[in-house]
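These notes concern the structure reproduced below.
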Amino acid sequence: MRSHLVDKTLIIGPSWVGDMVMAQALFKAIKLRYPQTRIDVLAPQWSSSLTARMPEISASIPMALKHGEFGFSERRKLAKKLESEHYQRCFVLPNSWKSALIPFLAKIPNRIGWRGEWRYGLLNDVRVLDKQRYPLMVERYLALANEKDAPIPSIRPSLVAEKQNTELALSKYELTLDKPILVLCPGAEFGPSKRWPEEHYAAFANSYILKGWQVWIFGSAKDTEVAKKIQAQTQNQAIDLTGRTSLGDAIDLMSLAKLVLTNDSGLMHIAAALDVPLVAAYGSTSPGFTPPLGDKVKILQEKIACSPCFKRTCPLQHHQCMQRLSVDTALQAARALVNA
């Protein structure tokens, strides 16, 4: 069958892990409205292992340009390739002008997105955001799925781990399932102000190690220094996987956890979408815009005058929003989720 006879939808995807997880709610809503459509996502290369665990997505198309890079000739070349795919519609999730350029050049007939950086012309279904009506990012994604001002569906992300890869990952990293698994995600790409102190993580981990649990630490190579400090304070009983796993491996392994403890991060959103019991610590940021979307979630937040500041590092250099968030509070939240 020729491609132009197939109903096809293109998504210009976000550039951050958490945002891409939340965007899955939109993908589900699109499938409800257009059950026969094929959904492809144009996004950074790293996102392919994430979208591969979203049943709604047929293909991930890598965006070679770096975040913030304009690269007009590269965008025009990619648009030419996409034009031959005959997409009926495109949802542009980033708010930048340049993100709307490719679907315009690809001559996709319906180009939907929020107004953003003055994108009239590039988009032909321009929505004007009412932040009061849609306070959550996931609501802003969902509002694009249907006609303007239509009620938004109640949909959450739900990632599906790949069973075969899960078994391969267990073998690759020499992990076992003989004990319940506590996963720690102590990193924060945004900056250190979002991190719960490593000594708090270690004390929390030690409490579960004494109960006979095992502890796995996930994150990027940037988080290895913090992970090593936690590991040292658990007498090396915590297993440091930071910088070792691919994103796909981390997703599949995290699906095995009985409990996840994390900062506000992309891995937090992944845990929520996997429906794993999750304790999430907030300090410099707020769950009012991008909370973890799951039924088994406890959000921890210490209310102090300067929080949330949304700064990468604590401007007052005391980090009290996280320092004062106690281990006992986190343990109590965890017990409410897993009764352990």
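The values are calculated or read from the model by the stated rules, or taken from the named source; none is laboratory data. Please read these numbers as outputs of a predicted model, since none were measured by experiment. A quick note on method: Cβ atoms are made from the backbone with ideal geometry, for glycine too, and the neighbour counts reach across all protein chains shown.
When L142 is tested against (1) free of Cβ contacts under 8 Å to residues at least 24 places away in the same chain; (2) in contact with a helix residue (DSSP H, G or I) (Cβ under 6 Å, 6 or more places away or on another chain); (3) of a type in the set (A, V, I, L, M), just one condition goes unmet, and that condition is (1). Checked against the criterion of being out of contact with any helix residue (DSSP H, G or I) (no Cβ under 9 Å at 6 or more places or on another chain), of a type in the set (S, T, N, Q) and modelled with pLDDT of 75 or more, the candidates Q323, Q301, Q317, Q332 yield just one match: Q332.
Which residue, of L10, L50, L42, is in a helix (DSSP H, G or I) and either of a type in the set (A, V, I, L, M) or at pLDDT below 95 (or both)? It is L50.
You will find that of A340, A333, A305, the residue that is crowded, with 18+ Cβ neighbours inside 10 Å and either within 15 Å of H200 (Cβ to Cβ) or of a type outside the set (V, I, T) (or both) is A333 and no other. Listed by position, the strands (runs of 3 or more DSSP E) enclosed by the stretch 106-216 that each have at least 3 residues that are under 29 Å from N339 (Cβ atoms) and modelled with pLDDT of 95 or more are 181-185. Condition check for Y141 on (1) farther than 30 Å from H318 by Cα; (2) of a type outside the set (G, A, S); (3) more than 18 Å from the chain's Cα centre (by Cα); (4) buried (at least 18 other Cβ atoms within 10 Å of the Cβ): one failure, at (3). Does E225 fit the bill of being in the same structural domain as H318 (by TED's automatic domain parsing), free of Cβ contacts under 8 Å to residues at least 40 places away in the same chain and within 18 Å of D328 (Cβ to Cβ)? When the stated conditions are applied, E225 does not pass them. The residues in the stretch 272-301 that are in contact with a strand residue (DSSP E or B) (Cβ under 7 Å, 6 or more places away or on another chain) and not polar (S, T, N, Q) can be counted, and the count is 17.
The residues on offer are I155, I102, and the sole one that is surrounded by 18 or more Cβ atoms within 10 Å (Cβ to Cβ), under 29 Å from K296 (Cα atoms) and aliphatic (A, V, I, L, M) is I155.
Residues in the stretch 77-99 that are touching a helix residue (DSSP H, G or I) at 6+ places or on another chain (Cβ under 6 Å) and either surrounded by fewer than 16 Cβ atoms within 10 Å (Cβ to Cβ) or part of a strand (DSSP E or B) (or both): 2 in all. Reported count of residues in the stretch 210-227, each being under 24 Å from the mean Cα position of the chain (by Cα), surrounded by fewer than 16 Cβ atoms within 10 Å (Cβ to Cβ) and over 21 Å from L170 (Cα atoms), is 2. The residue pairs whose first member lies in the stretch 297-308 and is without any contact (Cβ under 8 Å) to a residue 40 or more places away in the chain, whose second member is of a type in the set (V, I, T) and buried (at least 19 other Cβ atoms within 10 Å of the Cβ), and whose beta carbons are closer than 6 Å, counting only pairs six or more residues apart or on different chains, are K298/V279; P308/T285. Out of the residues in the stretch 221-268 meeting the condition of being touching a helix residue (DSSP H, G or I) at 6+ places or on another chain (Cβ under 8 Å) and among the charged types (D, E, K, R), tell me which one is farthest from Y208 (Cα to Cα). Looking at the filtered set, the residue picked out is D249.
Screening the candidates L93, L123, L101 for the property of being aliphatic (A, V, I, L, M) and touching a residue at least 60 places away in the same chain (Cβ under 8 Å) yields one hit, L93. Kindly indicate whether any position in the stretch 120-130 is aromatic (F, W, Y), assigned by TED's automatic domain parsing to the domain that holds A23 and loosely packed, with under 11 Cβ neighbours inside 10 Å. Within the stretch 120-130, one or more residues are aromatic (F, W, Y), assigned by TED's automatic domain parsing to the domain that holds A23 and loosely packed, with under 11 Cβ neighbours inside 10 Å. Selection over the stretch 12-56 of residues that are among the β-branched types (V, I, T) and more than 16 Å from the chain's Cα centre (by Cα) gives a count of 3.
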